[in-house]
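As structure tokens, the structure follows; a few thoughts come after it.
The values are calculated or read from the model by the stated rules, or taken from the named source; none is laboratory data. None of the values given here were measured: they were computed from a predicted structure. Cβ coordinates were reconstructed from backbone atoms using ideal geometry, including for glycine residues, and neighbour counts include every protein chain displayed.
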Amino acid sequence: MCKGKEGIIIPRQARTKSRTKIYHIIWRGASRQEIFHDEEDCINFLNTIEKYQRKTKIRIYAWCLMNNHIHLLLREGNEPISDTMKRIGVSFVKYYNWKYRTTGHLFQDRFISENVESRSYLLTVVRYIHQNPVKAGMVEHPNEWKWSSSTSYLSERIHPPISLDREYVLHMFSKDLIIAKERFKAFNEKKNNDQCLDINKVRSRLTDDEARQTIKEIIGNIEIPHVKFLPRQQRNEILRKVKEIKGLSQRQAARIFGVSPNLVFKA
């Protein structure tokens, strides 16, 4: 639950269930704080994952631990994914608070997730997760990052203790395991512009106040409430310029102008 204007309690929007039960999850530290300070922290988190993997029967296809956030690609088990993530979070936070003699929140209150509804997008997310340290400038190649599932796809030395469902992914490349690994390696290391769920994109979303200020700079002396009453050609020209504002969604623009999202979309 969260509070809106006037202190009114507004229920959080329920997550949309994935038809495949597969989700790409990003979990970050509260206020961007670090989650993992040393190898012991990473190992403890992996042990926690493994503990609830056995209990809830989740299947994991890819994972990556960064200093202040976590990527997971998994299939829901015998309970809702939100319940499983809560169990994992509570268990790890107990360890963290005991070790560092701290109290309070470690993770942001809600993890970010997206549904993975197709095999092709699942492969894209696998690569995106494995290349996260590369794009962050931590390493040059995915397999150089110790705290991800990348090396487990190419070696029999599976990264303990998480049980990785790699066969499900490798069989998308070939039924022959040797060929599948070769093709997977080429795919996994290929330079790309993959656009998946990204905490940086979430952070870059403009607030309504920021959006209004930027819009005013575009429309000059015209008042925002007057835009919807302008002649169609002039109105659409403004809407097209507004749609190019980085961090502003079309639905947000529609709300600010007091028009339908469809009108913004067609402009």
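Brief remarks follow.
- Test result for ARG232, farther than 17 Å from ALA211 by Cα, more than 27 Å from the chain's Cα centre (by Cα) and of a type in the set (D, E, K, R): yes
- Number of residues in segment 70-88 that are surrounded by 19 or more Cβ atoms within 10 Å (Cβ to Cβ) and part of a helix (DSSP H, G or I) equals 4.
- For segment 54-69, the tally of residues that are surrounded by 15 or more Cβ atoms within 10 Å (Cβ to Cβ) and at pLDDT 95 or above stands at 9.
- Neighbours by Cβ (under 6 Å, 6+ apart or cross-chain): first from segment 223-247, in a loop (DSSP other than H, G, I, E, B); second surrounded by 13 or more Cβ atoms within 10 Å (Cβ to Cβ): ILE245/THR214; GLY247/ARG205; GLY247/LEU206
- A single member of ASP194, ASP209 is in contact with a Ser or Thr (Cβ under 7 Å, 6 or more places away or on another chain) and either surrounded by fewer than 10 Cβ atoms within 10 Å (Cβ to Cβ) or assigned by TED's automatic domain parsing to the domain that holds TYR23 (or both), and it is ASP194.
One line per residue, one yes/no per condition, for (1) within 21 Å of LYS17 (Cα to Cα); (2) out of contact with any helix residue (DSSP H, G or I) (no Cβ under 8 Å at 6 or more places or on another chain):
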| residue | (1), (2) |
| --- | --- |
| GLY89 | yes, yes |
| PHE92 | no, no |
| THR102 | no, no |
| LEU122 | yes, no |
| VAL126 | yes, no |
| GLN131 | no, no |
| VAL134 | no, no |
| VAL139 | no, no |
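- Yes/no for SER148 being buried (at least 17 other Cβ atoms within 10 Å of the Cβ), closer than 25 Å to SER18 by Cα, assigned by TED's automatic domain parsing to the domain that holds LYS190 and modelled with pLDDT of 90 or more: yes
- The set of residues in segment 30-53 that are crowded, with 19+ Cβ neighbours inside 10 Å, farther than 14 Å from ASN68 by Cα and β-branched (Val, Ile, Thr) comprises THR48, ILE49.
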